[in-house]
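K.L.:
Let me begin by handing over the structure; questions about it come next.
The values are calculated or read from the model by the stated rules, or taken from the named source; none is laboratory data. Bear in mind that the values here come from a model prediction, so they are computed numbers and not experimental data. Positions of Cβ are generated from backbone atoms using ideal geometry, with glycine treated the same way; all protein chains shown enter the neighbour counts.
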Amino acid sequence: MTLPELSSLAEQFADYGLTLTEEQLAQVRTYLDLLFRWNRRINLTAIRQPLAIVRQLFAESIYLTRLLPLHGRLLDVGTGAGFPGLALKLAVPALDVTLLEASHCKCAFLKEVVRGLHLPSVTVVAERFEVWAAAQPPQAFDVVTTRAVAVTPKFLTLTQTLLRVRATLALYTSVAAAAAISESTTAFAWSPPAFLPHTRARVILVGSKIV
């Protein structure tokens, strides 16, 4: 597997309206290399083409930065191979990121990426969300994200507790799911779903915690 050149990576991000520095592009390339190496042993992604991974995992994750400014503490629930949380850390280095993932094997991979990229202020937690969240102090996070977790009423209740007032919940989801979620709770002020570029089915649904 041949890794893309930095110029090719830059072109993929530009197609999403994103601009990364040369250092950030180099970090993406290193991350991509580790992802392919580890994917031979554990199932991190079913996507096999490097540029497809850059677009569907990295660029789609970082697209959130086009929708709102990110700051403070970010929690990514069910992060898997680090998307969107660790990708957002590359794009916004000042973020303090907690990556929550129940799979110990995936957490080992995440820790390897954090070490390999020398990323500060990243915590990897191998725990189920329901168990972990119940033991956390309230209003501890400025942003909660998820890409792969089912957004149930219980999930929304737990995230509401974890988020500060007027903090943000960002859900990478489908058009149909976004409509159902936004109608299911009045604890968040929901913005219209933002379509991810080059897709008619996937959106980011952003909600601001009201109470």
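K.L.:
Kindly indicate whether V149 is without any contact (Cβ under 8 Å) to a residue 60 or more places away in the chain, surrounded by 14 or more Cβ atoms within 10 Å (Cβ to Cβ), closer than 25 Å to I42 by Cβ and under 15 Å from the mean Cα position of the chain (by Cα).
P.N.:
Taking the combined requirement at face value, the residue does not satisfy it.
K.L.:
How many residues are surrounded by fewer than 19 Cβ atoms within 10 Å (Cβ to Cβ), at negative phi, of a type outside the set (S, T, Y) and touching a residue at least 24 places away in the same chain (Cβ under 8 Å) if we restrict to region 5-23?
P.N.:
2
K.L.:
Can you pull out every residue in region 1-35 that is touching a Lys or Arg at 6+ places or on another chain (Cβ under 9 Å), within 28 Å of A108 (Cβ to Cβ) and part of a loop (DSSP other than H, G, I, E, B)?
P.N.:
Scanning region 1-35 gives M1, L3, P4.
K.L.:
Going by what's in this entry, would A170 be described as touching a strand residue (DSSP E or B) at 6+ places or on another chain (Cβ under 8 Å), modelled with pLDDT of 95 or more, surrounded by fewer than 21 Cβ atoms within 10 Å (Cβ to Cβ) and among the small types (G, A, S)? Before you say what the answer is, go through the steps one by one.
P.N.:
Details: touching a strand residue (DSSP E or B) at 6+ places or on another chain (Cβ under 8 Å): yes; modelled with pLDDT of 95 or more: yes; surrounded by fewer than 21 Cβ atoms within 10 Å (Cβ to Cβ): no; among the small types (G, A, S): yes.
For A170, the condition - touching a strand residue (DSSP E or B) at 6+ places or on another chain (Cβ under 8 Å), modelled with pLDDT of 95 or more, surrounded by fewer than 21 Cβ atoms within 10 Å (Cβ to Cβ) and among the small types (G, A, S) - is not met.
K.L.:
List the pairs whose first member sits in region 40-62 and is more than 18 Å from T145 (Cα to Cα), whose second member is part of a helix (DSSP H, G or I) and of a type in the set (K, R), and whose Cβ atoms are under 8 Å apart, counting only residues at least 6 apart or on separate chains?
P.N.:
Between residues of region 40-62 that are more than 18 Å from T145 (Cα to Cα) and residues that are part of a helix (DSSP H, G or I) and of a type in the set (K, R), the close pairs are I42/K106; L44/K106.
K.L.:
If you don't mind, another one. Just for region 91-106: of the residues that are touching a Ser or Thr at 6+ places or on another chain (Cβ under 9 Å) and either more than 15 Å from A148 (Cα to Cα) or of a type in the set (S, T, N, Q) (or both), which one is surrounded by the fewest Cβ atoms within 10 Å (Cβ to Cβ)? Before the answer, list the steps.
P.N.:
If we filter region 91-106 for residues that are touching a Ser or Thr at 6+ places or on another chain (Cβ under 9 Å), which is where we start, we get 91-101, 106.
Next, from what is left, pick out any that are either more than 15 Å from A148 (Cα to Cα) or of a type in the set (S, T, N, Q) (or both): 91-98.
Details: A91: 23, V92: 17, P93: 13, A94: 10, L95: 20, D96: 16, V97: 25, T98: 21.
Result: A94.
K.L.:
Can you pull out every residue in region 105-146 that is under 21 Å from R166 (Cα atoms) and free of Cβ contacts under 8 Å to residues at least 12 places away in the same chain?
P.N.:
Correct list: P137 only.
K.L.:
Just give me the residues in region 56-73 being buried (at least 18 other Cβ atoms within 10 Å of the Cβ) and hydroxyl-bearing (S, T, Y), in sequence order. Before the answer, list the steps.
P.N.:
First, pick out the residues of region 56-73 that are buried (at least 18 other Cβ atoms within 10 Å of the Cβ): 56-64, 70, 73.
Passing the criteria: S61, Y63.
K.L.:
Residues in region 101-111: is at least one among the basic types (K, R), within 21 Å of T65 (Cα to Cα) and modelled with pLDDT of 95 or more?
P.N.:
Applying the first criterion (among the basic types (K, R)) to region 101-111 yields 106, 111.
If we keep only those that are within 21 Å of T65 (Cα to Cα) too, we end up with none.
Looking for residues that are among the basic types (K, R), within 21 Å of T65 (Cα to Cα) and modelled with pLDDT of 95 or more, one finds none in region 101-111, hence no.
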